[in-house]
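One structure is given here, and the rest of the page talks about it.
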Amino acid sequence: MSAKLLATLSLLVSATLMGCDPSAQVTEGREEVGSESDAAQQGTVQAAADNSCSTTSVLGLSKQIVAEVNCIAPNTYAAVPARANLVAASNVLLFMEKPARDALVSALDARPNTTMTVNSMLRTPAQQFLLADWGETGSCGVELAAPPGTSNHEGGLAIDIDQYTTWRNTLETRGFQWFGPADDVHYDFVGAGATDKRALGVTAFQRLWNRNNPNDPIAEDGDFGQATAIRMAKSPAAGFALGASCTATSTTPIEVYWSRQQSGSYELRALAGSTVKRVDYLVDGFLIGSASKLDGNNFPDNYTFGTQGKSRKFEVLGFNDNNALVGRGIGMIDVDPGVAFYIRQMGPSLYEVGLERAPAAVAAVELVVDGVKVTDSVSGKVRSTRIAVRHVYSQLGQRQFALSTFNADGTLRGTITRSFKLE
Ligand SMILES: [Zn+2]
């Protein structure tokens, strides 16, 4: 691993520790103007970061990411139409979210005789990876830049323009907000209809990676964590052999199981549809096991963790005969010999939350999610004596779980709280 990648990873960690939108803390990263012809489109993304100072060097991969986003969520990005007063280099990805695009076109049309030179608009996580790398290493004249997955450029809500003073009033009356002197070329669209779509580019990259690296799968969760950063660094700057695919089979949920043995090792199981011929088991994005249908109908495997640890993300990926990803299930595992909190996917939007190895005195549990008590669909009760609560969640995404335990006499023993992203 290069020093630059380590630096990028440490930046990711520090951004996480800030606990809020890091793009508000650091500048978004000003992009150098390049042209497609100056692209050193050979080698990896990390090599592009090391050997170039233009995000054009990852344009091939970037175009695949944009195309894949439009497969995942059609019409996510709206093309900015040509205007006589709009100037942009050929390497600028001229796309924004539709409300932002409409506001920008309105601004351009309000002043047809004034030029707007756009140096950056939509950015992919591959491009932001370069900017974050250069920002962290102080190269290419880039100040500290937002980590991949966190720049508003990646969601199609930001522009960098040369004439930022000239256009300020026209843009601000249409929902754009000037970043300020720290990143004076940068405007964010904060008007009506702006939604945060930054994670989509990351998911698109993860899908492209998995399509081209079936033996090294990563989570397709939109989080640009360490597992994704490592793969981004070694991805081909010019793009993958297999590009975007709108016909790739979408995944169906897989039921996730694990069971800790006396020895401390974990038995792993998955219940998947008949098209799934092989599954991979991952924890925190790293492969811990793999099993095929030949090993058994529920894909048996086992694994012994080198270290204990709570709140780890468990994931099962299912592949068909052609090695295409067709199934997926997620969960949260406490790798701990004692009482362990768990979340396991059991179907579409269906999750079970409970305790493993609960003390004998625990007579029941209650689950509160984002402040609302949840009924166990197995027992039909809010206070579940089976020490688990199974529920179909109408709202997915990041949720706050609070599991309370009770004695037989009804007194509260304690409460465990966790945050988990339901998918
Ligand atoms: Zn910017």
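The values are calculated or read from the model by the stated rules, or taken from the named source; none is laboratory data. The shown structure was predicted, so the numbers you read here are calculated from the model rather than taken from an experiment. Here the Cβ is made from the backbone with ideal geometry for all residues, glycine too, and neighbour counts use every protein chain on show.
Some notes on this structure:
- The set of residues in the stretch 150-171 that are among the charged types (D, E, K, R) and either closer than 12 Å to N119 by Cβ or not in a helix (DSSP H, G or I) (or both) comprises D160, D162.
- Qualifying positions in the stretch 278-298 - surrounded by fewer than 19 Cβ atoms within 10 Å (Cβ to Cβ) and more than 17 Å from Q226 (Cα to Cα): G289, S290, S292, K293, L294, D295, G296, N297, N298
- From N152, N169, residue being within 18 Å of R101 (Cα to Cα) and away from the ligand (no atom under 12 Å from the Cβ): N169
- For the stretch 201-216, the count of residues that are assigned to a strand (DSSP E or B), farther than 13 Å from E68 by Cα and away from the ligand (no atom under 16 Å from the Cβ) is zero.
- Condition check for D183: modelled with pLDDT under 90 and within 25 Å of G331 (Cβ to Cβ): no
- Of residues in the stretch 134-149 being part of a loop (DSSP other than H, G, I, E, B) and surrounded by 24 or more Cβ atoms within 10 Å (Cβ to Cβ), the one farthest from the chain's Cα centre (by Cα): A146
- None of N152, N113, N119 is among the polar types (S, T, N, Q) and within 16 Å of the chain's Cα centre (by Cα) except N152.
- Any pair with Cβ under 7 angstrom, 6 or more apart, that starts in the stretch 60-73 at a residue that is more than 20 Å from T44 (Cβ to Cβ) and ends at one that is in a helix (DSSP H, G or I): V69/L200; V69/G201; V69/A204; I72/L200; I72/T203; I72/A204; A73/L200
- Any hit, the stretch 89-107, residues being under 29 Å from the mean Cα position of the chain (by Cα), at pLDDT below 95 and charged (D, E, K, R): yes
- Where strands (runs of 3 or more DSSP E) fall entirely within the stretch 248-326, those with at least 3 residues that are under 26 Å from the mean Cα position of the chain (by Cα) are at 255-260, 266-271, 278-283, 286-292, 309-319.
- Subset of the stretch 172-190 (residues that are part of a loop (DSSP other than H, G, I, E, B) and away from the ligand (no atom under 12 Å from the Cβ)): T173, R174, G175, V190
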